[in-house]
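Everything on this sheet refers to the single structure shown next.
The values are calculated or read from the model by the stated rules, or taken from the named source; none is laboratory data. As the structure is a prediction and not an experimental result, all values here were calculated from the model. So basically every Cβ, Gly included, is an ideal-geometry build from the backbone, and we count neighbours across all protein chains shown. Areas reflect the complete protein model, heavy atoms only, side chains present, ligands, DNA and RNA absent. Shrake-Rupley method; radii C 1.70, N 1.55, O 1.52, S 1.80 Å.
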Amino acid sequence: MRLHTPFFRYGFHAATQTDTGRRRASNQDVAVSCPAEGFYAVSDGMGGLPCNGGGITSHMIGKVLPLIIRDAAALLDTEQPVPEHAAELLEQHVRLLSDNIYDMGNSERHIFYGATLSGVWLVDRHAVFVNLGDSRGYYLPSRSKKISQVTADHNLAALLVDLGELSKAEAGSHPSSSQLLQFAGMPAPAKPDVYVCEVHPGDRLLVCSDGLYGMVDDARLPRLMRSAKRNPDTVCRHLIGEANAGGGRDNISAVYLKILK
């Protein structure tokens, strides 16, 4: 189904899907869909927290985030929506959400609640990404065979890559890849990243948890994202099926969007 919002100059297709994977007993991933505002996101509960704190956090984000996006959208001018203003709103609202999670029961010494949060908001002729943690946002131009990772991973492995102590290929399987440096619920104030990318008809976007990109090499994503011209749900099924075929070691989430004329 072709979707429209008052904030975006193009139409778009969108689909979301999550899967437990092959080795987990429960699913701590949540996909957030706000079609009226043109916002979509993924939240992945942090593993190893007491009393399923990661799953509690991601599912709480799944319930609260649509309300936050609705409030943010009310502050955006529908006649002349400005992507940079949307980025400011996302940064402010996600920071407040994270800080409220921290106040819920975390401290500098003990983290009980935490999750990643990566999302994209379609505004004017742009995709506005927001990110805390190591879930990712990708951009695939219509005429390109190469996909670009828009967001930065907020984990220790990514920092070691930046410092030249690990290669990007080594980082994916390195133990430090599971050590998050930023996340929703981190010690306040949170500092989410925002990115503004111009988009055109035919372009495709992907937001996903590490259960997807950890099992599927980036070079294979373009083929999967182009595996169905008019059915975005089929694309999500193919992406998650590929991740499970690669081992399915974690929960898997995918948000797929295609920009239309």
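Computed extension length for Thr234-Leu163: 21.6 nm, one decimal, from 0.36 nm per residue of separation with the Cα-Cα distance subtracted.
Find the lysine pairs in the chain meeting two conditions, Cα atoms under 16 Å apart and a separation of 8 or more places or different chains, and report how many there are.
Numbers: Lys145/Lys229; Lys145/Lys258; Lys146/Lys258; Lys229/Lys258; Lys229/Lys261.
Eligible lysine pairs with Cα atoms under 16 Å apart amount to 5.
Rounded to the nearest 500, the helix-only mean residue ellipticity at 222 nm of the chain stands at -9000 deg cm²/dmol, with each DSSP H run of n ≥ 4 adding -39,500 (n - 2.57). Compared with the direct C-alpha span, the chain from Ala74 to Gln179 gains 34.2 nm at full extension, assuming 0.36 nm per residue. Take the alpha-carbon centre of region 224-238, take the same for region 1-43, and report the distance between them in whole Å. One Cα centre to the other: 14 Å.
Which of the peptides 117-127, 95-105 is most tightly packed, and how do the rest follow, going by the mean number of other Cβ atoms within 10 Å of each residue?
Working: 117-127: 25.9, 95-105: 18.4.
Sorting 117-127, 95-105 by mean packing, highest first, produces 117-127, 95-105.
How big is the dipole moment of region 1-130 about its Cα centre under a simple scheme where the beta carbon of each Lys and Arg is +1, that of each Asp and Glu is -1, and everything else is neutral? Debye, nearest 20, please.
Numbers: 10 positive and 14 negative charges, 126 e Å.
Using Cβ point charges on Lys, Arg, Asp and Glu, region 1-130 gives about 600 debye.
Between Phe8 and Asp124, the built amide H atoms are under 5 Å apart, and every one of these is 5 or more places off in sequence or on another chain. The order of Glu91, Glu84 by accessible area, most exposed first and with a 1.4 Å probe, is Glu84, Glu91. Spin-label pair Met104-Ala25: with each label point 7 Å from Cα along the Cα-Cβ axis, the two points sit 2.2 nm from one another. Given their separation in residues at 0.36 nm each and the Cα-Cα distance between them, Lys191 and Arg223 gain 8.2 nm when the chain is fully extended. Label reach from Glu88 (point 7 Å along Cα→C-beta): in region 56-76, amide nitrogens under 13 Å belong to 75-76. Do any GluC sites (Glu not before Pro) in region 120-217 lie in a loop, going by DSSP, with at most 16 other beta-carbon atoms within 10 Å of their beta carbon, and if so which? Here the GluC sites (Glu not before Pro) that fit, given the DSSP loop and packing criteria, are Glu165.
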